[in-house]
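Asks: Got a structure here, written out as structure tokens. Questions coming.
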């Protein structure tokens, strides 16, 4: 695995704020499975039944209410199909109800309910904090296991302003779909973390998630609002979908999503059967036929590995009626061919693809626009400031070139053989790179070797240095930073003057200021 170096200062701000709020509470409740002291639960210890009884929730002394931290300690062994903890009432803004895992706390069952090991319904301002060592797991659910059941680690229905963070959730469904004769579809309704319906302003952050159909799911159905959701800092593997945000009913709305700094890999066990499995790193969609929308900023994610040969789409799939601003993503295909490492399924359009670094195979399509239905879009897409190495096809347009893309420029295009890629326009008509440029695209781009090092940084003499357009005028603060959170030239906090050219790809190169020193110490003599 290639190390991707990032500053954690920005990534963890919201997490730290939330944790600080939780520990500023006036009340603490301690719970073990049988009420006996364990770990840091040493006084007035309760059982899960206390948490699950509405009579113990309120503002009186010893009750659970806004500002309460409920610490759970030790191992909780649930029965098959159970839910261990069910939130009963809401917290307040700035004073959530927090269920926090003590060091080493584990929720374990043969399989947890589809309503989750932890459940929330029609509430607001609740937080689940794994404390970095907390674990939710199934022990016997999957293709070759004793059980073949729908299941979730955390499940919310109609819960807004809520957070799930710092957890490890694993083995929710151990699927065996790597062979083309695999027939198990029982895992299709399994998720590590799922929010259904209204989930406005909720956060999923800094979790380690594996072994389920979907790592993180926000489903606005039916008629819900998932606007303002943030999904960041998660490490996701062994899934069919790493992150899935979508809706399909009239009234579903999902605007202002922030999805960043996640790492996603490994789809091997979720390739077959193809009628049930559909591999993506991330998928965003709104199938509703009305004016419903989905808008998302998708940035600084590292997605790598092999999507397989089942029914793959892309590492980032921005599908029907969604508009995605995709930038600073590192996307590295090491396996089978992908016909759209970034796929902007432009029914609505307005997708922007800036400063990504895409490493692919010789038969890959780097960027795919439109669908085979030929549906025109409202707003053309923009492809700018990217580094693409490997794919034989740079941009593949399924529909109508004039309606699907307005700008492609300031990119580095480099095939595996060192030539310029083909482009596919107007319903998959392949043209040479020179013909593409004759259409008015990529006038300031190059197909020279970008000279990347093993961590995808630009080395001295790279043609990507100073090649990119300065995009400060877009007034997008995260875009003004590179993937390691260093200011792009001419951006706020940068010593370079306004208008200084940017470097293509995810990282600043030779014209970037050095990062601030960290872990300094001083001695007095």
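The values are calculated or read from the model by the stated rules, or taken from the named source; none is laboratory data. Computed from a prediction, not measured in an experiment: that's the story for all the values here. Methodologically, a virtual Cβ is constructed for each residue, glycine included, from the backbone with ideal geometry; neighbour enumeration extends over all protein chains shown.
Asks: Residues in region 211-224: is at least one in contact with a helix residue (DSSP H, G or I) (Cβ under 6 Å, 6 or more places away or on another chain), in a strand (DSSP E or B) and within 24 Å of residue 327 (Cα to Cα)?
Replies: Checked against the condition, which is being in contact with a helix residue (DSSP H, G or I) (Cβ under 6 Å, 6 or more places away or on another chain), in a strand (DSSP E or B) and within 24 Å of residue 327 (Cα to Cα), region 211-224 yields no hits at all.
Asks: May I pose another question? Can you work out which of the residues in region 235-271 that are assigned to a loop (DSSP other than H, G, I, E, B), modelled with pLDDT of 95 or more and out of contact with any strand residue (DSSP E or B) (no Cβ under 6 Å at 6 or more places or on another chain) is nearest to residue 321 (Cα to Cα)?
Replies: Out of the qualifying residues, it is 262.
Asks: For the condition closer than 20 Å to residue 312 by Cα and touching a helix residue (DSSP H, G or I) at 6+ places or on another chain (Cβ under 8 Å), what is the one hit in 364, 442, 381, 397?
Replies: 397
Asks: If I filter region 57-74 down to residues being under 19 Å from residue 124 (Cβ atoms) and not in a strand (DSSP E or B), which single residue comes out as modelled with the lowest pLDDT?
Replies: The extreme case among them is 59.
Asks: Let me ask you something else. Scanning for something touching a residue at least 12 places away in the same chain (Cβ under 8 Å), under 23 Å from residue 132 (Cβ atoms) and not assigned by TED's automatic domain parsing to the domain that holds residue 106, does region 179-192 turn up at least one residue?
Replies: yes
Asks: A further question on this structure: Test residue 11 against the stated conditions and say whether it is at pLDDT below 95 and closer than 13 Å to residue 129 by Cβ.
Replies: no
Asks: Exactly one of (1) under 20 Å from residue 29 (Cβ atoms); (2) crowded, with 19+ Cβ neighbours inside 10 Å is unmet by residue 113. Its number?
Replies: The single condition residue 113 does not satisfy is (1).
Asks: On to the next question. Is there a residue being under 22 Å from residue 186 (Cβ atoms) and not in a strand (DSSP E or B) anywhere in region 120-140?
Replies: yes
Asks: Shifting gears a bit: Give the number of residues within region 309-329 that are assigned to a strand (DSSP E or B) and either surrounded by fewer than 24 Cβ atoms within 10 Å (Cβ to Cβ) or not assigned by TED's automatic domain parsing to the domain that holds residue 279 (or both).
Replies: Going through region 309-329 one residue at a time, the tally reaches 1.
Asks: Related question: Taking into account only those residues within region 80-93 that are out of contact with any helix residue (DSSP H, G or I) (no Cβ under 9 Å at 6 or more places or on another chain) and not in a loop (DSSP other than H, G, I, E, B), which is nearest to residue 124 (Cα to Cα)?
Replies: Per the criteria, the residue is 92.
Asks: Answer yes or no: is there a residue in region 34-42 that is at pLDDT 95 or above, in contact with a helix residue (DSSP H, G or I) (Cβ under 9 Å, 6 or more places away or on another chain) and part of a loop (DSSP other than H, G, I, E, B).
Replies: Yes: region 34-42 contains one or more residues that are at pLDDT 95 or above, in contact with a helix residue (DSSP H, G or I) (Cβ under 9 Å, 6 or more places away or on another chain) and part of a loop (DSSP other than H, G, I, E, B).
Asks: In region 289-308, how many residues are assigned to a loop (DSSP other than H, G, I, E, B), more than 13 Å from the chain's Cα centre (by Cα) and at pLDDT 95 or above?
Replies: Selection size over region 289-308: 3.
Asks: Quick test for you: out of 450, 463, 421, pick the one residue that is crowded, with 19+ Cβ neighbours inside 10 Å and out of contact with any helix residue (DSSP H, G or I) (no Cβ under 8 Å at 6 or more places or on another chain).
Replies: 450
Asks: For region 501-509, state whether one or more residues are loosely packed, with under 12 Cβ neighbours inside 10 Å, in the same structural domain as residue 389 (by TED's automatic domain parsing), outside any helix (DSSP H, G or I) and within 27 Å of the chain's Cα centre (by Cα).
Replies: No: zero hits.
Asks: Answer yes or no: is there a residue in region 94-113 that is assigned to a strand (DSSP E or B) and touching a helix residue (DSSP H, G or I) at 6+ places or on another chain (Cβ under 6 Å).
Replies: Checked against the condition, which is being assigned to a strand (DSSP E or B) and touching a helix residue (DSSP H, G or I) at 6+ places or on another chain (Cβ under 6 Å), region 94-113 yields at least one hit.
Asks: Looking at the structure I just gave you, is residue 362 surrounded by fewer than 18 Cβ atoms within 10 Å (Cβ to Cβ) and in a loop (DSSP other than H, G, I, E, B)?
Replies: Answer is yes for this residue.
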